[in-house]
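Okay, so here's the structure we're looking at.
Each value in this text was obtained by applying a stated rule to the coordinates, not by laboratory testing. These figures come from a predicted structure and were not determined experimentally. Cβ placement follows ideal geometry from the backbone for every residue including glycine, while neighbour counts extend to all protein chains displayed.
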Amino acid sequence: MPKINKDLQIMKDKLRIKTKLLLFRCLLISLLPFLPTLLVAQANIPTAADSIWAYRQAVEQKITLLKNKDNLLPLKDLDKQKVSIDGTTNKINEFYDRAKSYTTIYANGQSNINKMQSITFICLAANELADFKPQNNKKNQNLVLVFFGSSEALARLKDFSSFTAVVLAHSSDSYTQDITAQAIFGAIPFKGTLAEEISPSFKKGDGIATESLKRLKYTVPEELGIRSEWLKKADSIALVAIQKQATPSIQILVAKDGKVFYHKAFGYQTYDSITPANLENIYDLASVSKISTAIPALMKLSDEKKFDIDKTLADYFKRAKNSNKKNIVIRQILTHQSGLRAWIPFWQNTLVAAKNTNNQSVIKVLDPKVFQSKKSGRFPYQVAENLFIQKKYFQKNIVKQILESPIAEKKEYVYSDLSYYLYPEVIKKLTKKNVVDFLDDTFYKPLGASTLTYNPLQKFEKQRIIPTEYDSLFRKQLIQGYVHDEGAAMLGGISTHAGLFGTSNDLAKLLQMYLQNGYYGGKQYLSPEILAEFTRCQFCPTNLRGVGFDRQRGTNAAKSVSEQSYGHSGFTGNLVWIDPANGLLYIFLSNRVYPTRNNSRISDLNIRTDIQEVFYEVLRK
């Protein structure tokens, strides 16, 4: 009897399960017509990232500017200001880090150098008020109070007279610190007003509204209607590139409508996996230098009517008048259809025969009349560690080789570096400044782009700079902090075809200025008209290039970029692309040439363009 009951129970259980499965199947079939709608509803369910974005929105609305003498905030002329931050470091990390995204932050006491305007941000929390002692403004010094606390707590501070500006942030959490720094630098406007009177100085409703200066804003993807999880595909492609040794490291920045929503570093500086790559790392920009040095300089000079791309090379470089290049038009040169040779291996032309001391065989070595291991008056320009080049070699030999090189009869597209060796001299002639000072004064310093620089070892620690190739032929060493391109190295690291270094963040400031029709940070750098002229297709359909800019969709850029888009790639593994139609800026930096340039995996695997395509996919969603 007990066995019969047990069997009956088993049969009942099986029947119950079958019934449930049948009911579930019927329910699923009935829901199939509504499945797309249900999936959309699921996609719209708020996530943790949505909550973060909602909170960030609330913070943006609330941060209050209570005092702003002489309209100091938001900060405008970064090249005329020395900024320092005074606060408990471990409590204002996010404020400090975000401020560094916009400009150089000097140590306390260092900010009054060069007799420039000094701005010190006094960062206080509520529990620090009791020990705070107001300071008197020194000459050329502005004190800005940034209070990370409630309005009630701020009311305990009775005297605000020593401050040029007062910012009430209402809270001290990481998001508030981040957004407060962005408001101070004009990426977002101040909008907040006081809900109540907090002192005789500040009444209910007080709050100074400001306008955005159109500096880059750093935000979360959700602000743009993009789910953070959708971007994991970009992460995956980057990680595959590292895994397959297409490059040891990658740094990516993507901005939409001036809002940086993706900014990440992947991998290690080298394949030994010792030093992780980070967003502070400085990369050799290779040929991205062209659109970051010569081209902005020539656009600026065109704006000032000092340069005309429809004149000839000889009009600006007199030595060309006695060469076969005297009649070449600049517009043709900068679109790579002038007939110039692609390149000249200048360093190979310095090799001379010598005897190998071991076996008396003849070998090729660098000419000691051209290179020396120590710096001197005759050999002042550094090519690499313990290698210096003869002072007049560029003028006597490199320029001579360029001007004597043959020109192709058929004027078709051939990418050439040669003219870019000459532009520093052209720029100096037209501006009375060397190319480094002109670029610094005109673009990089006002933009707050301090890492955009030549010869970065003169400014930054070596470990911050990403190494490129082990040069086994010319310089016989790992290249780190010296330009990878041999020709630029022979100019002491300063050319306009290569030589510039920088982070993706600082490069983004220059490129975003292009995207904003020449405007950035409250300043018009270039006219919209000159940008439109340089970035349009010049000789379509036979040659898709702009003036200095690449425009080849589906090859050097993702297939989804717009027809109006433009950019440039770099030999060391870089790609930058600017898409006005979509408001999208894409920067990909890498050191794919480590340890050797004989590594084409980054192109073979379409790493750069596949990652770029991800951002168009998520925008379409």
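Of the options T293, A130, T596, report the single residue whose Cα projects farthest towards the positive end of the charge dipole of the chain (beta-carbon charges: Lys, Arg +1; Asp, Glu -1).
Most positive-ward Cα: T596.
Nearest 0.05, what FRET efficiency do K233 and C540 give at R0 = 41 Å with Cβ-Cβ as r?
E between K233 and C540, to the nearest 0.05, is 0.80.
Compute the FRET efficiency between K191 and N136 as 1/(1 + (r/R0)^6), taking r as their Cβ-Cβ distance and R0 = 56 Å, and round to the nearest 0.05.
0.95
What FRET efficiency do you get for N349 and N434 if R0 is 25 Å and r is their Cβ-Cβ distance, rounded to the nearest 0.05?
After rounding, the FRET efficiency stands at 0.45.
Rank these for me by crowding, L575, L72, going from fewest to most other beta carbons within 10 Å.
L72, L575
Indicate, rounded to the nearest 5 percent, the antiparallel portion of the DSSP beta bridges found entirely in the chain. Could the numbers behind the result be given before it?
Numbers: 50 of 74 bridges.
In the chain, approximately 70 percent of DSSP beta bridges are antiparallel ones.
Treat each spin label as a single point 7 Å out from the Cα along the C-beta direction, and report the K410 to K523 distance in nm.
Calculated label separation equals 4.7 nm.
Spin-label point model (7 Å from Cα, Cβ direction): what's the N606 to S373 distance in nm?
Distance between the two pseudo-spin positions: 5.0 nm.
How much length is gained if the chain between T596 and E563 is pulled fully straight, taking 0.36 nm per residue apart and subtracting their Cα-Cα distance, in nm to one decimal?
Using 0.36 nm per residue and subtracting the Cα-Cα distance, I get 8.4 nm.
Which ³J(HN,Hα) values in Hz, rounded to whole numbers, follow from the phi angles of segment 470-480 under the Karplus curve 6.51 cos²θ - 1.76 cosθ + 1.60, where θ = phi - 60° and Gly and Pro get x?
Each residue's phi maps through the Karplus curve to give 7, 7, 8, 9, 9, 9, 6, 6, 6, 8, 9 Hz.
If you add up the charges near I237, with Lys and Arg at +1 and Asp and Glu at -1, over every other residue whose beta carbon is less than 13 angstrom from its beta carbon, what do you get?
+2
Between K462 and K400, what is the label-point separation in nm under the 7 Å Cα-to-beta-carbon projection?
Result for the modelled spin labels: 3.5 nm.
For volume of the Cα convex hull per residue in Å³, one of (i) 155; (ii) 268; (iii) 165 was computed from the structure I shared and the rest are decoys. Which label?
Checking each listed value against the structure points to (ii).
Hey, for a label at S212 modelled as a point 7 Å past Cα toward Cβ, could you say which residues of segment 179-205 have their backbone N under 18 Å away?
Hits in segment 179-205 for S212 at 18 Å: 179-192.
Under 13 Å from the Cβ of S405, count the other residues' Cβ atoms, weight Lys and Arg +1, Asp and Glu -1, and hand me the total.
+1
Averaging sequence separations of C-alpha pairs under 8 Å and six or more residues apart, then dividing by the length of the chain, give the relative contact order as a whole percent.
That works out to 14 percent.
Report the charge-dipole magnitude of the chain in Debye, nearest 20, computed about the Cα centre from +1 at each Lys and Arg Cβ and -1 at each Asp and Glu Cβ. List each step's numbers first, then the result.
Working: 84 positive and 58 negative charges, 233 e Å.
Dipole about the Cα centre, nearest 20: 1120 debye.
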